[in-house]
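Peer 1: Got a structure for you, questions after.
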Amino acid sequence: MAAAKEKQLEEHLLQLLRQHPQGMTDDALETALPAVPLADRVHAVNNLLAASRLQLLKTSNGKIVYKEVAAEEAAKFKGLSTEELLIYQCVKTAGNTGVWTKDMRIRTNLAQPQITKILKVLEGRKLVKAVKNVNNPSRKVYMLSELEPSRELTGGAWYTENQFDSEFINVLREACFSYISRQGDVSLSAIAAFIRAKGFSKVELRTEDIHTIVMTLVYDGRVDEVEPEGEDDNDDHYRPAVLPVPDSTPLTDVPCGVCPVAGECHDGGVISPKTCVYYDKWLEF
């Protein structure tokens, strides 16, 4: 086929695929181009694949479909093999939840060593990245480099580098409590706006996140949840606790509850209530 006709057929194929953004199978292309010989169609498809203007996707029923790749997007994939593009599409389809290499093997039918090698190539080009799952740190998943991992993967605002950040949570708790104490009666929306304005977190804190923090103060007896005064106010409201729960009381500090040898303590024994120095100290209250 002459070069001009090759280019014309390739452009015709791209136009067809633009009309079918969900992709077209080889059978669909054959139906749409009945006058084009099989050899010419295959040649045109191969040329577009080599130029990264086409991407291959595998449907749920196992069929391969072709989808167009925009010219500016294709520049990023120049020189990648068909298998490398297939892995890229597998990763792209997973979105910000990522995909495990075992799932890639199932979806692409490629061998595990080949997938590992391809991922190194894609990571080297900064097309994909590996992300650790906070619930399973030993298992890495892959997603596109430009995506922000989902909260299910990272643990959200409460995790820093896959570690539960108790210090950060305590800072937020004290900031919320201080603000509620100063305001007297304040809505959840106002608390959330205050926390965001202070810039305590590098990640976005949702109102639900702030609600979680404030409720820990409620459960600790430091803050009371109250009904809003206005009929049209549907926001949650909080104020400093009217009867704060003390950190400890004599009744909660009974030494027997935390004594490591309580099982050996009995009247007349080497360890007994009569000779227990901790018991005497506790009774001084």
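The values are calculated or read from the model by the stated rules, or taken from the named source; none is laboratory data. Not measured: the values here are computed from a predicted model. We place every Cβ from the backbone using ideal geometry, glycine too, and count neighbours over all the protein chains shown. Note: accessible area is taken over every heavy atom of the protein model, side chains too, but ligands, DNA and RNA are not part of it. Shrake-Rupley method; radii C 1.70, N 1.55, O 1.52, S 1.80 Å.
Peer 1: Consider residue 38 against the criteria (1) aliphatic (A, V, I, L, M); (2) closer than 27 Å to residue 136 by Cβ; (3) without any contact (Cβ under 8 Å) to a residue 12 or more places away in the chain: it satisfies all of them except one. Which criterion is unmet?
Peer 2: (2)
Peer 1: Out of the residues in the stretch 151-168 meeting the condition of being touching a helix residue (DSSP H, G or I) at 6+ places or on another chain (Cβ under 8 Å) and part of a loop (DSSP other than H, G, I, E, B), tell me which one is farthest from residue 116 (Cα to Cα).
Peer 2: It comes out as 165.
Peer 1: Still on this structure, I have one more. Kindly indicate whether any position in the stretch 81-90 is among the hydroxyl-bearing types (Ser, Thr, Tyr) and over 20 Å from residue 111 (Cα atoms).
Peer 2: Checking the stretch 81-90: not a single residue is among the hydroxyl-bearing types (Ser, Thr, Tyr) and over 20 Å from residue 111 (Cα atoms).
Peer 1: OK, next. List, please: which pairs have Cβ atoms under 6 Å, are six or more places apart or on different chains, and start with a residue in the stretch 143-159 that is at negative phi and end with one that is among the charged types (D, E, K, R) and open to solvent by 50 Å² or more (accessible area, probe 1.4 Å)?
Peer 2: What qualifies is 144/92; 145/126; 145/129.
Peer 1: Determine, yes or no, whether residue 41 is more than 34 Å from the chain's Cα centre (by Cα) and not hydrophobic (A, V, I, L, M, F, W, C).
Peer 2: Yes.
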